[in-house]
1. Checking the conditions here, which among GLU69, GLU73, GLU39 is open to solvent by 10 Å² or more (accessible area, probe 1.4 Å), among the charged types (D, E, K, R), under 21 Å from ASP135 (Cα atoms) and under 18 Å from the mean Cα position of the chain (by Cα)?
2. Looking at this structure, is TYR256 more than 24 Å from the chain's Cα centre (by Cα), outside any loop (DSSP other than H, G, I, E, B), free of Cβ contacts under 8 Å to residues at least 40 places away in the same chain and surrounded by 12 or more Cβ atoms within 10 Å (Cβ to Cβ)?
3. Among the listed residues LYS297, LYS317, LYS249, identify the single one that is touching a residue at least 24 places away in the same chain (Cβ under 8 Å), more than 30 Å from PHE55 (Cα to Cα) and basic (Lys, Arg).
4. Quickly run through segment 174-188 and pick out the residues that are in contact with a strand residue (DSSP E or B) (Cβ under 8 Å, 6 or more places away or on another chain) and either assigned to a loop (DSSP other than H, G, I, E, B) or within 12 Å of ALA159 (Cα to Cα) (or both).
5. Within segment 321-344, how many residues are outside any helix (DSSP H, G or I) and either of a type outside the set (A, V, I, L, M, F, W, C) or in contact with a Cys (Cβ under 7 Å, 6 or more places away or on another chain) (or both)?
6. Could you go through segment 222-229 and let me know if any residue there is within 30 Å of GLU299 (Cα to Cα), in contact with a His (Cβ under 6 Å, 6 or more places away or on another chain) and not aliphatic (A, V, I, L, M).
7. If the requirement is being free of Cβ contacts under 8 Å to residues at least 60 places away in the same chain and in contact with a helix residue (DSSP H, G or I) (Cβ under 6 Å, 6 or more places away or on another chain), which of these qualifies: PHE261, PHE273?
8. Please tell me if ASP318 is charged (D, E, K, R), within 23 Å of the chain's Cα centre (by Cα), part of a loop (DSSP other than H, G, I, E, B) and surrounded by fewer than 12 Cβ atoms within 10 Å (Cβ to Cβ).
Amino acid sequence: MDRKKTIHALSILGDTMLLLAKNADKEAYNPLVATDYYEKMQTAILGAKAQNGWFSEDAIRESLQQIGERLNEEELGEWVNAYEVAKKPKSVGLILAGNIPMVGFHDVLSTLISGHKAHIKLSRDDKVLIPVFLDILKTLQPELTEQIQIVDNLKKVDAVIATGSDNTARYFEKYFGHLPRIIRKNRTSVAVITGEESKNELKALGKDIFTYFGLGCRNVSHLILPKNYNLDLIFEAIIDYSDVINHNKYANNYDYYKAIFLLNLQPILENGFLLTREIEDLHAPVSVLHYHFYSSKDEVDAYLNLHAEKIQAVIGKDYLPFGAAQSPALDDYADGVNTLKFLSEL
């Protein structure tokens with residue numbers, strides 16, 4: 001594989017994603033992409049929406065925006081600079097997640113840019129989008145065609161990167177335990193509030209909570225609040241996200257959990273589109289946000305350390321900036337495991 005050619009092809013793919021994210025006219029695209037794939041991309045967005053009710057058009061275009069911004073020659077070059085192309089390419093089985101649109105693309109990208117062969121098992125919840133963009137990539141860089149296979153089952157692979165739930169992780173460990181592997185489990189993200197945040201920062205927190213309806217591992221599902229903090233400050237700041245309640249599946253979750261909490265006499269605070277509970281549990285279901293209070297930084301550190309293996313990102317003044325949860329850099333690896341390093345050592 002010629003890495004320079006691959007990076008150039010990926011940069012064109014990135015431009016394509018950015019144009020599609022803003023629904024640009026056909027004439028704005030690379031001529032090769034416009035001629036062969038413009039209609040296919042539009043159809044793929046409609047198909048993904050039809051297949052998965054959580055994949056709204058806004059969610060799909062947001063994902064395309066975030067991926068496309070990273071696929072430029074400068075960032076790609078810096079990312080892979082310390083790692084050589086594989087001299088003896090291996091077959092790497094990729095079991096992709098499907099909780100948010102194209103969430104598995106980074107594993108595919110990492111495998112291809114490392115020079116290995118990607119045997120891709122798509123999630124049943126995200127079968128439409130990724131194949132279209134891989135077809136574009138193969139057209140832009142035909143050399144990659146032999147590196148890409150979409151499969152129903154993983155057989156005769158040399159390594160595995162698999163993402164799933166805690167339950168499926170146990171299955172993956174048992175089935176692929178004899179191979180080099182990265183096995184990812186359930187994670188979520190938290191925000192640490194100091195009480196000194198501006199209204200704009202709290203508004204940006206809304207993006208961390210509601211993007212992709214809260215389904216991603218980088219979505220904030222738990223707030224760590226200073227003692228006596230007034231939650232109305234957050235409710236007021238995130239009001240622009242109230243339209244989320246008009247999404248049928250989200251609204252169903254909201255109504256279901258509200259009913260459950262009321263029937264069980266569990267105290268909640270709500271604003272018509274978000275349910276909040278004071279509880280130290282890290283994970284919260286869609287439409288629900290957990291929170292607990294702290295009195296000292298030591299308490300914050302203790303909570304973060306206790307749940308470190310289940311936390312994907314921490315948002316706050318001393319952590320990732322508010323609003324940045326869903327904008328990871330290429331080297332901000334899921335579960336903190338360096339995918340490129342793993343692939344380079346095969």
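1. Working: GLU73 fails: under 18 Å from the mean Cα position of the chain (by Cα); GLU39 fails: under 18 Å from the mean Cα position of the chain (by Cα).
That would be GLU69, the only listed residue that is open to solvent by 10 Å² or more (accessible area, probe 1.4 Å), among the charged types (D, E, K, R), under 21 Å from ASP135 (Cα atoms) and under 18 Å from the mean Cα position of the chain (by Cα).
2. On the way: more than 24 Å from the chain's Cα centre (by Cα): yes; outside any loop (DSSP other than H, G, I, E, B): yes; free of Cβ contacts under 8 Å to residues at least 40 places away in the same chain: yes; surrounded by 12 or more Cβ atoms within 10 Å (Cβ to Cβ): yes.
Yes: the conditions hold for TYR256.
3. Working: LYS297 fails: touching a residue at least 24 places away in the same chain (Cβ under 8 Å); LYS249 fails: more than 30 Å from PHE55 (Cα to Cα).
When all the criteria are applied, what remains is LYS317.
4. PHE176, LEU179, PRO180, ARG181, ILE182, ILE183, ARG187 - these are the residues of segment 174-188 that are in contact with a strand residue (DSSP E or B) (Cβ under 8 Å, 6 or more places away or on another chain) and either assigned to a loop (DSSP other than H, G, I, E, B) or within 12 Å of ALA159 (Cα to Cα) (or both).
5. Pass one, segment 321-344, residues outside any helix (DSSP H, G or I): 321-333, 337-338.
Now restrict to residues that are either of a type outside the set (A, V, I, L, M, F, W, C) or in contact with a Cys (Cβ under 7 Å, 6 or more places away or on another chain) (or both): 321, 323, 326-328, 331-333, 338.
Number satisfying all stated conditions: 9.
6. Narrowing segment 222-229 to residues within 30 Å of GLU299 (Cα to Cα): 222-229.
From what is left, the residues that are in contact with a His (Cβ under 6 Å, 6 or more places away or on another chain) are 222.
Retained after the next criterion (residues that are not aliphatic (A, V, I, L, M)): 222.
Yes, segment 222-229 has at least one match.
7. Working: PHE261 fails: in contact with a helix residue (DSSP H, G or I) (Cβ under 6 Å, 6 or more places away or on another chain).
None of the other options fit; the residue is PHE273.
8. Working: charged (D, E, K, R): yes; within 23 Å of the chain's Cα centre (by Cα): yes; part of a loop (DSSP other than H, G, I, E, B): yes; surrounded by fewer than 12 Cβ atoms within 10 Å (Cβ to Cβ): yes.
Spelling it out, ASP318 is indeed charged (D, E, K, R), within 23 Å of the chain's Cα centre (by Cα), part of a loop (DSSP other than H, G, I, E, B) and surrounded by fewer than 12 Cβ atoms within 10 Å (Cβ to Cβ).
The values are calculated or read from the model by the stated rules, or taken from the named source; none is laboratory data. These numbers come from a predicted model, not from an experiment. Every residue, glycine as well, gets a Cβ built from its backbone with ideal geometry; the counts of neighbours run over all protein chains shown. These area figures cover heavy atoms from the full protein model, side chains too; ligands, DNA and RNA do not enter into them. Shrake-Rupley method; radii C 1.70, N 1.55, O 1.52, S 1.80 Å.
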